[in-house]
Structures are given as structure tokens and as C-alpha cells.
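Below is one structure, written out as C-alpha cells; comments come after it.
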Amino acid sequence: MARIMKLSHTLLTWAYLGVAATSMTVSAASNNANGVRHATKTPITVTIDAFQFQPDKIRIKRGQSVIFINKDEVPHTVTPDKNAHFVPSGIIKGGEQHEVLFESVGIQDYSCDFHPSMRGRVIVK
Ligand SMILES: [Cu+2]
């Protein structure tokens, strides 16, 4: 009997850890600027700083999202190239952020509408 109690305690502990991990993931995803939550995995952060995407090349999994944080004072966009597949960010004002969900595998290149030399790449597996 004692052995069973100990086993169930272990299971409960794992269940609790599972819940904690899940709520951490949810709170990370809820950082989305517009409050919409789609991502099934913990988002990755890309900073826009001094007219550069940092890092400008990342690898993620399908269904994962990227939060672009604009640390500049001017607006930027994350706009897919013609052969890329994700929803354009629209204008991200200075000091604001935007979450982009990547649902298609492959190389997803993007640039800023206002500053075409600002380019980045997301490799989705
Ligand atoms: Cu820009």
C-alpha cells in the first residue's frame, strides 16, 4: 500500500510539473501584441535593433512563432518574400512587438518594407 502511495505521489508530481510547463508556454505565447494566441510551441524572439534583425537567421519548427520586438524608434515591417509563406506583420511601431506564426516548412525569407536592405531568414523544419 505504501508503495502505491509513493507511486501516485510521483505521478502527481509529474502531472504538476506538466501543468507548470504548459502554463509557462501559454504565458510566453500570450506576449503577442494583439493578444491572439495560435502557436503550439514556445515562441522564439527576434530583436529589431539599429535597422537589423537580430539574429537574422533562425531555425524553428513548423507551428512555432517568432516574436519580433522593435527596439528602434522608427517603424519596421516583417514582410515575406514572394516565395515565402507567412502572414506579413504590417507596421510594427517603435517599441512595439508582433508575433508571426510559421506554418509552412522551408526557407522563409523576409525584409522590411521601409528599409529593403533589412533582411532575415527563418528556416522552418
Ligand atoms: Cu525597417
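Structural remarks
So that you can scan it fast, the table gives a plain yes or no per residue for (1) surrounded by 13 or more Cβ atoms within 10 Å (Cβ to Cβ); (2) within 10 Å of the ligand (Cβ to nearest atom); (3) among the hydroxyl-bearing types (Ser, Thr, Tyr):
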site	(1), (2), (3)
68	yes, no, no
83	no, no, no
86	yes, no, no
89	yes, no, yes
101	yes, no, no
110	yes, no, yes
113	yes, yes, no
117	no, yes, yes
122	yes, no, no
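- If the condition is being part of a strand (DSSP E or B) and either more than 16 Å from the ligand (Cβ to nearest atom) or in contact (Cβ under 8 Å) with a residue 40 or more places away in the chain (or both), then region 70-81 contributes only 76.
- The set of residues in region 97-117 that are assigned to a loop (DSSP other than H, G, I, E, B) and touching a strand residue (DSSP E or B) at 6+ places or on another chain (Cβ under 6 Å) comprises 102, 105, 112, 113.
- Note on region 33-62: among residues that are of a type in the set (S, T, N, Q) and at pLDDT below 95, the one that is farthest from the ligand (Cβ to nearest atom) is 40.
The values are calculated or read from the model by the stated rules, or taken from the named source; none is laboratory data. In this text the structure is predicted, and so the values were computed from the model without any measurement. Because the Cβ atoms are built from the backbone with ideal geometry, glycine has one as well, and the counts that use them run over all protein chains shown.
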